[in-house]
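These notes concern the structure reproduced below.
The values are calculated or read from the model by the stated rules, or taken from the named source; none is laboratory data. As the structure is a computational prediction, the values presented were derived from the model and not from experiment. No Cβ is skipped: glycine too gets one built from the backbone with ideal geometry, and neighbour counts run over all protein chains shown. Surface accessibility is based on the protein's heavy atoms, side chains included, excluding ligands, DNA and RNA. Shrake-Rupley method; radii C 1.70, N 1.55, O 1.52, S 1.80 Å.
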Amino acid sequence: MNAIEAYIGELDGRLSGPRSAKTDLLTEARDGLVDAADAYRAGGADEAEAERRAVADFGPADLIARDYQAELGLRRDIRVLWELIAGVPLLILAWDLARAFADWSALGAAPSWYHRAIGTADTLAALSPAVAIAGLLAARLLSRRTAGPPVARAVSWTLAAAVGLNLVAVATYGGATGLMEPARMLVSVPCAVLSGTWILFSMRLAVAARSRRTTA
């Protein structure tokens, strides 16, 4: 194995993340190394020496892998933020539609504290995608001034905040309803399905955010 392929193999072993994103980064690195080696060969170096110099110029694999890992984490976080931005408003709209067409007459009137709790949950749920959008905008602005780990950390913290708001909203919905009358979540099949879907979706987002922070 030549020096370039050995170096790319070491980078590959140090990185974790989506296979397609890893492949893109490793391909870019390989192309850059090949171009640098070609330049050294054009200057008179033999093939082995040209590749050795290209690898040395590129930098230590552990340092390059750290920057690449931050880039992989950033790409994954941005994808999860977009899922939250699209998914949470869709679930809110679908739940409101299902709730509007459900028959609540058999459940009786809800107390005032329940309305306040649901109003708080509605606000938190609405803030979740708003925070996610703010995180994407901040990442775009930061990327114009810096790159790598600082941008990745900012997006990671934004993701944690947005996911946290959504989790608190779901917990408030479920907690308040369960405390008063669990049957309200099952008043119709669409309401029951949407309740379960929102819980599963929120758990998926939480797992994605946690796995990112434990590998950052």
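Quick notes on this structure:
- Counted residues, segment 134-160 - those being over 21 Å from Arg66 (Cβ atoms) and open to solvent by 50 Å² or more (accessible area, probe 1.4 Å): 5
- Selection within segment 24-71 - among the aromatic types (Phe, Trp, Tyr) and modelled with pLDDT under 90: Tyr40, Tyr68
- Unmet requirement for Ala54, which otherwise passes all of (1) aliphatic (A, V, I, L, M); (2) more than 30 Å from Pro190 (Cβ to Cβ); (3) free of Cβ contacts under 8 Å to residues at least 40 places away in the same chain: (3)
- Within the set Leu159, Leu127, Leu165, the sole residue that is closer than 20 Å to Trp198 by Cα and under 13 Å from the mean Cα position of the chain (by Cα) turns out to be Leu159.
Each row is one residue, and each column tells you yes or no for (1) out of contact with any helix residue (DSSP H, G or I) (no Cβ under 9 Å at 6 or more places or on another chain); (2) among the aromatic types (Phe, Trp, Tyr); (3) open to solvent by 30 Å² or more (accessible area, probe 1.4 Å).
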{"site": "Glu28", "(1), (2), (3)": "yes, no, yes"}
{"site": "Tyr68", "(1), (2), (3)": "no, yes, yes"}
{"site": "Leu91", "(1), (2), (3)": "no, no, no"}
{"site": "Ala132", "(1), (2), (3)": "no, no, no"}
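- If you go through segment 93-108 and keep only what is under 29 Å from Trp157 (Cβ atoms) and either of a type in the set (Asp, Glu) or open to solvent by 60 Å² or more (accessible area, probe 1.4 Å) (or both), you end up with just Leu93.
- Scope segment 37-54; condition open to solvent by less than 30 Å² (accessible area, probe 1.4 Å), among the hydrophobic types (A, V, I, L, M, F, W, C) and either outside any loop (DSSP other than H, G, I, E, B) or under 26 Å from Arg66 (Cα atoms) (or both); matching residues: Ala37, Ala50, Ala54
- Single condition Gly87 does not satisfy, out of (1) open to solvent by 60 Å² or more (accessible area, probe 1.4 Å); (2) of a type in the set (Gly, Ala, Ser); (3) touching a Pro at 6+ places or on another chain (Cβ under 9 Å): (1)
- Residue in segment 84-99 that is closer than 30 Å to Asn2 by Cα, touching a residue at least 40 places away in the same chain (Cβ under 8 Å) and hydrophobic (A, V, I, L, M, F, W, C) present: no
For (1) at pLDDT below 90; (2) among the aromatic types (Phe, Trp, Tyr); (3) within 15 Å of Arg116 (Cα to Cα), each residue gets a yes or a no:
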| residue | (1), (2), (3) |
| --- | --- |
| Val163 | no, no, no |
| Ala169 | no, no, yes |
| Met180 | yes, no, yes |
| Ala183 | yes, no, no |
| Leu186 | yes, no, no |
| Ser195 | yes, no, no |
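- Residue count, segment 169-189 (criterion: under 28 Å from the mean Cα position of the chain (by Cα) and surrounded by fewer than 17 Cβ atoms within 10 Å (Cβ to Cβ)): 3
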